[in-house]
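A.B. asks: The structure under discussion is supplied below as structure tokens; questions concerning it will follow.
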Amino acid sequence: HVFSYSERPGTNAAKLENKVPTEIIKSRSKSLHKLSTEKKLEFYRNNIMQESKVLFESKLEDGYIYGFTENYIRVKTPFKQELINNIISVKLDNLDEENVIFKIT
């Protein structure tokens, strides 16, 4: 997880003289967020066509049910009531525009 350092009043860090300018903090954070997204997509791509177990959640969005693999890849498939709170073995298929891997149906 990427987050910017935020100074707290009364701490030793708040008393430091050579503080990193806000613009640099924002730029570094943006770069790290971009790198994080790239690494996540690379990890997802490396798992395409692999067998994986998915625990499906009860949340229904736009006709899909979502779940997570054992290694935290977010997966979606068309909603089926019987998937809720069940662990199902699936073969990961591809990425969509939300960077979510579809389950082969």
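The values are calculated or read from the model by the stated rules, or taken from the named source; none is laboratory data. Values in this document were obtained by computation on a predicted structure and should not be read as measured data. Glycine gets a Cβ as well: all are built from the backbone with ideal geometry, and neighbour counts include every protein chain shown. Heads up: the accessible areas ignore ligands, DNA and RNA and are worked out on the full protein's heavy atoms, side chains in. Shrake-Rupley method; radii C 1.70, N 1.55, O 1.52, S 1.80 Å.
A.B. asks: Could you pull out every residue, at least 5 positions away or on a different chain, whose amide H is within less than 5 Å of the one on TYR64? Hs are placed 1.01 Å off N in the peptide plane, and Pro or chain starts have none.
C.D. replies: Counting only residues 5 or more places away or on other chains, the set is PHE79.
A.B. asks: Just going by the charge dipole of the chain, with Lys and Arg at +1 and Asp and Glu at -1 on Cβ, which of THR11, GLN81, SER31 is farthest out on the positive end?
C.D. replies: Ranked along the dipole, the leading option is THR11.
A.B. asks: With all distinct Cα pairs included, what does the Kirkwood hydrodynamic radius of the range 50-98 come out to in Å, to one decimal, could you say? Please report the intermediate quantities before stating the final value.
C.D. replies: Working: mean 1/r = 0.0924 Å⁻¹.
Averaging 1/r across every pair of different Cα atoms and inverting gives 10.8 Å.
A.B. asks: ³J(HN,Hα) across the range 55-67 via Karplus (A = 6.51, B = -1.76, C = 1.60, θ = phi - 60°), whole Hz, x for Gly/Pro?
C.D. replies: Once θ is set to phi - 60°, the couplings for the range 55-67 become 9, 8, 8, 8, 6, 10, 9, 6, x, 10, 10, 10, x Hz.
A.B. asks: If you don't mind, there's one more thing I want to ask. So, for the chain, what is the accessible surface per residue at a probe of 1.4 Å, expressed in square angstrom? Write out the running numbers ahead of the final one.
C.D. replies: Values: 7930 Å² over 105 residues.
For the chain, the per-residue accessible area is 76 Å².
A.B. asks: I want to check the label-to-label distance for SER89 and GLN50. Put each point 7 Å from Cα in the C-beta direction and report it in nm to one decimal.
C.D. replies: Placing both labels 7 Å along Cα→Cβ, they lie 1.6 nm apart.
A.B. asks: Debye calculation, C-alpha points only, no solvent: report log10 I(q)/I(0) for the range 1-48 at q = 0.14, 0.18 Å⁻¹, in the same order as the q values.
C.D. replies: Treating every Cα as an identical point scatterer, log10 I(q)/I(0) equals -0.51, -0.67.
A.B. asks: In the chain, carbon and sulfur make up what percent of the accessible area (probe 1.4 Å)?
C.D. replies: On the way: 4080 of 7930 Å².
The nonpolar share, carbon plus sulfur, comes to 51 percent.
A.B. asks: With the crude spin-label approximation of a point 7 Å out along Cα→Cβ, what separation in nm comes out for LYS26 versus VAL2?
C.D. replies: It is 1.5 nm.
A.B. asks: Could you give the dipole magnitude of the chain about its Cα centre, charging the beta-carbon of Lys and Arg +1 and that of Asp and Glu -1, in debye to the nearest 20? Intermediate results must be reported in sequence, preceding the final value.
C.D. replies: Working: 17 positive and 15 negative charges, 85 e Å.
The dipole of the chain has a size of about 400 debye.
A.B. asks: From the P(r) of the chain, can you give the percent of Cα pairs sitting at distances over 18 Å?
C.D. replies: Values: 3239 of 5460 pairs.
Percentage above 18 Å: 59.
A.B. asks: How large is ³J(HN,Hα) for each residue in the range 74-88, as worked out from phi by the Karplus curve 6.51 cos²θ - 1.76 cosθ + 1.60 (θ = phi - 60°), to whole Hz, x for Gly and Pro?
C.D. replies: 7, 10, 9, 8, x, 4, 9, 3, 5, 7, 4, 6, 10, 9, 10
A.B. asks: Return one number: the angle in degrees, 0 to 90 and rounded to the nearest 10, between the long axis of the Cα atoms of helix 22-46 and the longest principal axis of the Cα atoms of the chain.
C.D. replies: 20 degrees
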